[in-house]
Structures are given as structure tokens and as C-alpha cells.
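Input: a single structure, listed below in C-alpha cells.
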Amino acid sequence: MRFTLFAIGLSLLGSNFGGITASYAFEIEDQRLYQVTNPEQTLRVISTADIAAFAPLIQGFQVSYPRISVDYTVASSAEVMAAIYDEGARYDLVISSAMDLQTKLANDGFTQKYVSGETARLPNWAKWQDQLFAFTQEPAALVISDRAFEGLEIPANREQLIELLRANSNVFDGRIGTYDVRSSGLGYLFATQDSRNTDSFWRLTEVMGRLNTQLYCCSGAMIDDVYRGRLALAYNVLGSYAENRLAREKGITIVPMQDYVTVMMRTALVPKNAENPQIAARMIDFLLAPSTQAILAQTTGLPPIFTTTPEAEKALRPIRLGPGLLVFLDRLKRQAFIRNWENSIQQK
Amino acid sequence: MTIFLTSFLIRGSMQRRLVIQLSLIALLLSLVLFLIVRGVADRAAADTQDNILAASATSIADALYAEGGQVRLELPYSALSMLGTISEDRVFYRVVVDGETLTGYGDLPVNAAPNAAKQAEFSTFEYRGEPVRAVAVTRGVGSQSQRVLVRVVVAQTRLGLAQISSRITLWAVAIGIAFFFVATGLSLWAAHNALAPLNRVASAVTRRGPNDLRPVQAETPAELAPLVGALNSFIARLRTSLTRSEDFIAEAAHRVRTPLATVRTQAEVIHRGLHKSKNKTALREMIRAIDESSRSAGQLLDHAMVNFRADQFQAVNIDLRALAAETVDRLSPTAELKDIVITTDDQGGDFAFSGDPILLQNALRNILDNAIKYSPADSDITVSLFHQDGFHVISFADQGRGFEGVNLDNHLARFKRGSNVEDIVGSGLGLTIVDEVARAHSGRVSIKTNKGAGACVSLYLPLA
């Protein structure tokens, strides 16, 4: 499962790789120390965003704060949760795309409060309790292979997608990709939000199951396989990743769904046991600063939270931060959802 | 402090006292208002949270079902999301079946005794470092034989409540302060208004002249009626007493004057029959003393008459010029005895006047009489008639000793005489009578010492 990041070729093993993990059971995917010449302090970040995406931000941060080393660790959202919630690993800043898990950390008292001029600028839906701060908003997208869709009508909503899949099972059999919601926190978040937003979600899942849908851990891998032609379409892919790839290479199309588009917000939080909360706070301010937000999309491919998107795109449906996100983390609820999903996708 | 305040309250003005007391009441009411507003609003906010918690717990309880003898639960999305709609409070829940946690936060306290009869039980306690408000709902799940009691607890921190509470407190403070200022302003106004009749009565009494002993008739509220009544009855008593003493003086003077005339005549007769110059001188002294007494008695009578007529003032049309001429005529014989020449300087014009002729005559006679009395033998007295600044002026200038080195106002007071007149018979009532007559006619008397010699007494009476 870890192969994706390695396949992207960004894995740069830090000098003290393994030193941190020695005392903990959670698994990390990647780690890198951004060392400065005369470090005064070290900011320890655990994040779900891969190093390639986040490196420009760290370098930008170190231009402003040249005496701060940054120790950046990448882990899956579930492992991030395990590290902070179960094992009490000490990090100064946690950045994750799994809004539900981040909300649970804040709700269950694992985070500390921070208020500044930058956080005050955030709209209310982009922060929670002054403990969770969203700095990107990333839509879930349908990505299709241009080659596979030759002669086919591109669906504009989920109903049309279901029709299309039913009508062209020969084209799509075994060539549909989506998240494995059992292993991917983000996939689970997208799927549960879909189940809330539309009744057609379960029908879509059944249809996809009948067509032997491939299950993935990560958006990157799905996009790669769409390019390679192994997949005709990938459902609920992170749109920002796809756009990044599309900027470099043609061959895929990001289909704007007109019924609704689930929008995930990447959030940052400062754990209660952080060693350097004041440096973590500087990083949060840096991430939210207008100068950073203005170039966020260009440097990292992550769409900024302060967006200039016209109001016309009403179909955007941001996932709301708040206790509602805890519902699908409930043990029984999760069991029931996974059971339903497995039954639908017919993969046991 | 208390003593000072009390004495301040008692000794201070009524208005200040009223304002301070009303302000203190307003302060108390503001405080009560603040407490009520905050109490009610806090209660309302707390009730809102309780209601949402109860709704949340109930919706969880409603989602419970039994499957193969096992209690199952599909946590409704709205059960927790509704708690996030009004505040960003942390939320905890726990579902307990037979003392075993089915799902949720295993360490969330649950009251020991489940009570299915009760709708919802609320409690407040500390959980994970923060005070939380919790609700517990009990529900029986399963068929008759396998029925189990399931307890659902939903808890929420109270940060949102604290925010609402502090906002409400701010409002309550603002309302309380505003109420205090409005009430104080109104009480200032009310105190001023309530005391206005009192000021009206006071100024009505202050404004009146020294001889005005009419009852006070200012419009007064019922509360002031006893005070005004008492004041009026006091004035009436004072007037009666004054009248009685005036009457007494007049009576006494009258009774004395007649026998004095007899005594004087007899003294004259005896004087003529005497030959020893020593006895003659003694008798002359006696006659002089009798004259003085007689004159005083006469003036006392005059004064009583003037007072009486001034009180019962009745005006008729008269000619001041004729009146002046008549007075000069009447006193010319007396003047001639001292070889005094009285000349009249009439500057013309109309001297028609509406007044009491007897009073005015009396006043003119007194002035001229004075002038003759204090003039040396073989001198002149000039009576001038002219108009000045809206007044008829009748002025008597003599060449006597004048009013030396004394306060001129004193001459107008009863029984006050100048300091340079010990050798001349006089009662000190003359100019007082003149002054009272002038006042009764809304005029005045002017007394001046001439630059050369002598005095000038002028009677000013208003034109029309």
C-alpha cells in the first residue's frame, strides 16, 4: 500500500528515519528533516500530505524563520490518528485531510486553542473551537481517461454516471477505481458524505461493485492508473492532485459534477502535548497568511481556503466541521457502514 | 460615613434629598433589573441547551433496535450534528446496555439507577477537564422476554453557553445603566416639578412690599395648603396686632392733645401775668415742651390717618398745582412769623393727578412745615413744580441746615431724626408720613442737601 508514494518517487529518507518510530507502533510512510544551519528550535509536523506537495510550504516558512528546522513526517490519516490519540506521540503540528479524525482529536481534548489575527480572518465554517484551522479546500472529483471515453457521453451528475456504467459494462468492467474506505480515512470521509448527500450513492456503489471496481489507498495511485489506461474512470479522487498532474500531462479530464461536489478542507491543529506550540502557531499563521494563500495553488497544487471562486459554482458542498463528523466514527456506525459498503462493492 | 450621609440627607435641600433618594431607588431597581434580565436570559439559554441535548439523546434512543438478541444502534447523523448548530462545543455520548458500553465514550459517567419512567435526567459535571451538561435517557429495547434497559447519555461542554451568558451579561449591564440614567434624569425632573409650587409660594411672599399684609393667594397644591393657611392666619394676626397698636397710638395722641391745648393756654395766661424773668424763662421752657408734645401727638394722628387711608386707598382726580398753592397759602402765616418768603416756581404743564387729596395735602404740608421749621429767619423757600422722567415733581428747597452727615434713608424711617436738630421741636414722623404717601401713590421721595446751603425735598408722583 505504501508503494504509491515510492512510485511517485518522492520518498527521501531523512537522516533520523526510524529514530522516531522506534518507540511507537504507528506506521509512517515518509519522513524528512529540513535542517537549517543554526537551528534554534525544531518544528515537528505529522501530516497526510506527501512531501512533494508540502515541501514548498516548508521552504517558504524557513525563509521567514531561518532558525527553525522542520521535521516533516508523512503518515496515513488513520496512522496520524493512532499516533496522537492512542500513542500520545509528541508532534507540534498535525496536518490532515481527514476532517472527521481531526474533529475527533479536537473534540476529545487532544488539541490546544490558538487565536491570532490570521485565524480570526478565517470564516466560521473553516475553523472549529479555535483549535482546527482549515487552510485548503479540495473538491472530490470524477477523473476520466480521455481515451476510454471516446464516443461516450461524459456524465454531468451521479444519475447519468449510473446510467452510463450500466449501459457500457463492457467498457468499464474492471476499469473503475475508487477509494477502499476500509483503509483510507479520506475515502471513508468522502463515501460517508456521499451517503448523506444523495440516495443514489448506494446504487452507484452497487453498480461499481458489479463492474469489479478496483480499490485504492490513495488518489495519486488512481490518477496514475487512469493515465496508464488501467482505469477508465476514478471516482472521488482529490481534484487538486488530478489538476496538478493534468497541468503536466494531457490524457485525463476532471468532470465537474453538477448535482454536488464534496469539498474536503485540509486542517491543521496543535496537539495539547506539543513541545513548541508557539512555533506551530507561527506555521499556522504562515499557512493562513494572504501571501502564502495567494501562491498556494501554484507552489503546492493545493487550492487555498481563501478562494476567489465565483459564487456560481453552487454545487460545491464543503464538509462542515463540527460534532456531526463524529457520527461516522462511531464504532457501530462504522461497522454498519463498512458492512453495507462491502456488500455493495462485493469485495470480501 | 453613614452619619455623614444621614446628616447630609436631613440637612440638605429638599430637592437634593428627593433626587438622592430617587437615585438610590433607581440604582436598586437597575440592579434588580440587571439580575432579572441576566437570570431569565441565562435560564433561557440553559434551557435551549438542555432541549437540544434531550432531542439528541432521544433521537439516539429512537435509533436503537434489537437484532438476534443483540442491541444495535445506527447513530443518526443529526443526533450529533444538531449539537454543533448553535455553538462549537465539544460533544460526548455513551450508550450503555446492562452496564456494558455499547458505543461512545466508555469513561463518560452514567448515573447508576436507570429510570425508564423519567423522560430525561440532566446533570452537570466535570469531564475531560471541562464542565459539561449531560442528559441521560433510558429506553427499553427488545421483545417482552428479552427486554433490556439501554441508557443513552449525551454531554456537551458549556463554552457556547458561557459566551451567550457573557453577551447577555453585557446587555443586562447596558440595560441596567441606561435604566439608571433615564430614571435618575426623570427623578431630577420630577423633584423639580414637585417642588415648583413651593418655590412659587416662596417667591410670591418674597416679592411683596414691606407693608403688604394681604393673605397669600398663590395657587398651591393640597400638600402646601396647611402651610399657606398657617402663613395667612399668621399674617392676619400680625395685621390685627399692628392695627390695634396704631389705633391705640392714635387714641392716645388724641386724648393727650386736647388737655395739652388747655394746659398751654393756661401757661400763656400765667406767663403774661409773671414779672420775674427767672420764672418767665421757666414757663417759656414749659410752653415749648408742651408745643413739642402737642406737635408729636398731631403727627402721630397724621401718621395713623395716612396709614388708614393708604390701606383704604381711593383715588379721585385732583390738580397738584392747586394742591400745592393751597398748602403754601395755609402755611404762609407761619412762615411770615419767621420772615420767610415762599416763592413758587411753576414751570407750567398739566399737573392733573389721580390720588387721595387728603393724603397728598398732608404730605405737602409736612414737607413745607419741615422746611419752615429748619429754615433760619429771613430766608427763602422755593416751591418748584415741573415734570421729569415721567414724574410730576413738587420740590421744596430751603436755606436751612440741610441733612448733614447722616444717612438720608434714615430720615424716612419712623422716629428717626437728623443728627443736627436737637434744638428744634420734632417727632421724626414728618418725612415718614411723606414717604408713605408717596409709596401709596407709586411715587417716591427724594432728599438732597443743596450745594450752597439748605435742603431740597422732592415728591415724585407718576404721570398717569
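Every number in this text was worked out from the coordinates using simple rules, so none of it is lab data. No experiment lies behind these values; they were computed from the predicted model shown. Cβ atoms come from the backbone with ideal geometry, glycine included; neighbour counts cover every protein chain shown.
Between B:VAL341 and B:ARG244, the modelled labels are 5.6 nm apart [label points 7 Å from Cα along Cα→Cβ]. Computed from the C-beta positions of B:ARG43 and B:ASN111, the FRET efficiency with R₀ = 25 Å rounds to 0.60. Rounded to the nearest 20 debye, the dipole size of chain B about its Cα centre is 1160 debye, using +1 on the Cβ of Lys and Arg and -1 on the Cβ of Asp and Glu.
Against chain A, whose longest principal axis comes from its Cα atoms, helix A:290-300 is set at around 50 degrees. Here the extension length gained between A:GLU159 and A:GLU27 equals 43.6 nm, from 0.36 nm per residue of separation less the Cα-Cα distance. Starting from one equal scatterer on each C-alpha and no solvent at all, send me the Debye-based log10 I(q)/I(0) for the protein assembly as shown at q = 0.06, 0.10, 0.11 Å⁻¹, two decimals. Log10 I(q)/I(0), no solvent term: -0.59, -1.11, -1.20. For every other residue with a beta carbon closer than 10 angstrom to the beta carbon of B:THR157, add +1 if it is Lys or Arg and -1 if Asp or Glu, then tell me the sum. Result for the neighbourhood of B:THR157: +1.
Of the residues A:GLY151, A:SER47, A:GLN298, the one whose Cα sits farthest toward the positive end of the charge dipole of chain A, with +1 on the Cβ of Lys and Arg and -1 on the Cβ of Asp and Glu, is A:SER47. The charge dipole of chain A, taken about its Cα centre with unit charges on the Cβ atoms of Lys, Arg (+1), Asp and Glu (-1) only, comes to about 260 debye.
Here region B:24-41 and region B:169-238 have alpha carbon centers that stand 31 Å from each other. Extension gain, B:ALA218 to B:GLN144, is 17.3 nm, computed as 0.36 nm per intervening residue step minus the present C-alpha separation. Annotation: the antiparallel percentage among DSSP beta bridges lying fully within the protein assembly as shown is about 75. Given B:ALA325, B:ALA183, A:TYR72, which one lies farthest toward the positive end of the charge dipole of the protein assembly as shown, if we put +1 on the Cβ of every Lys and Arg and -1 on the Cβ of every Asp and Glu? Farthest towards the positive pole: B:ALA325. Take the Cβ-Cβ distance between B:ASP311 and B:ASN450 as r, set R0 to 25 Å, and report the resulting FRET efficiency rounded to the nearest 0.05. Plugging the Cβ-Cβ distance into 1/(1 + (r/R0)^6) gives 0.10. For chain A, the antiparallel share of DSSP beta bridges with both residues in that region comes to about 60%.
Roughly how tilted is helix B:225-273, in degrees to the nearest 10 and between 0 and 90, from the longest Cα axis of chain B? The angle comes out at about 10 degrees.
Only Lys, Arg, Asp and Glu carry charge here, each on its Cβ (+1 for the first two, -1 for the last two); on that basis the protein assembly as shown has a dipole of about 1880 debye about its Cα centre.
Just to verify a number: FRET efficiency for A:GLN346 and B:GLN119, C-beta to C-beta distance, R0 = 45 Å, to 0.05?
0.50
The residue among B:ILE20, A:VAL207, A:LEU325 whose Cα reaches farthest toward the positive pole of the charge dipole of the protein assembly as shown, with charges on the beta-carbon of Lys, Arg, Asp and Glu, is B:ILE20. Between B:ILE270 and A:ARG339, the modelled labels are 15.4 nm apart [label points 7 Å from Cα along Cα→Cβ].
Loop-located trypsin sites (Lys or Arg not before Pro) across region A:182-276 with a Cβ neighbour count of 10 or fewer within 10 Å are A:LYS250, with loop assigned by DSSP. With an a/c value of 1.5 or above and a/b larger than b/c for the gyration tensor axes a ≥ b ≥ c computed over the alpha-carbon atoms, region B:15-166 is described as prolate. One Cα centroid belongs to region A:249-277, the other to region A:87-151; the line between them spans 7 Å.
Treating each Cα of region A:225-348 as an identical point scatterer and summing with the Debye formula, the log10 of I(q)/I(0) at q = 0.14, 0.18, 0.20 Å⁻¹ comes to -0.97, -1.26, -1.30. When only Cα pairs below 8 angstrom with a gap of at least 6 residues are kept, chain A shows a relative contact order of 24 percent. Model label sites at B:SER78 and B:SER277, defined 7 Å from Cα along the beta-carbon direction, differ in position by 14.4 nm.
Taking Cα atoms only, the orientation of helix B:430-440 departs from the longest principal axis of chain B by about 50 degrees. Using a cutoff of 8 angstrom between alpha carbon atoms and counting only pairs six or more residues apart, the relative contact order for region B:210-312 works out to 30 percent. Taking GluC sites (Glu not before Pro) in DSSP loop conformation with at most 15 other Cβ atoms inside 10 Å as exposed sites, chain A has its longest uninterrupted site-free stretch at A:154-248.
What's the average, rounded to a whole number, of partner chain beta-carbon atoms within 10 Å of each residue's beta-carbon in B:121-131? List each step's numbers first, then the result.
Numbers: counts 0, 0, 0, 0, 0, 0, 1, 4, 2, 1, 0.
Counting other chains' Cβ atoms within 10 Å and averaging over B:121-131 gives 1.
In region B:15-166, Cα pairs under 8 Å separated by at least six residues give a relative contact order of 26 percent.
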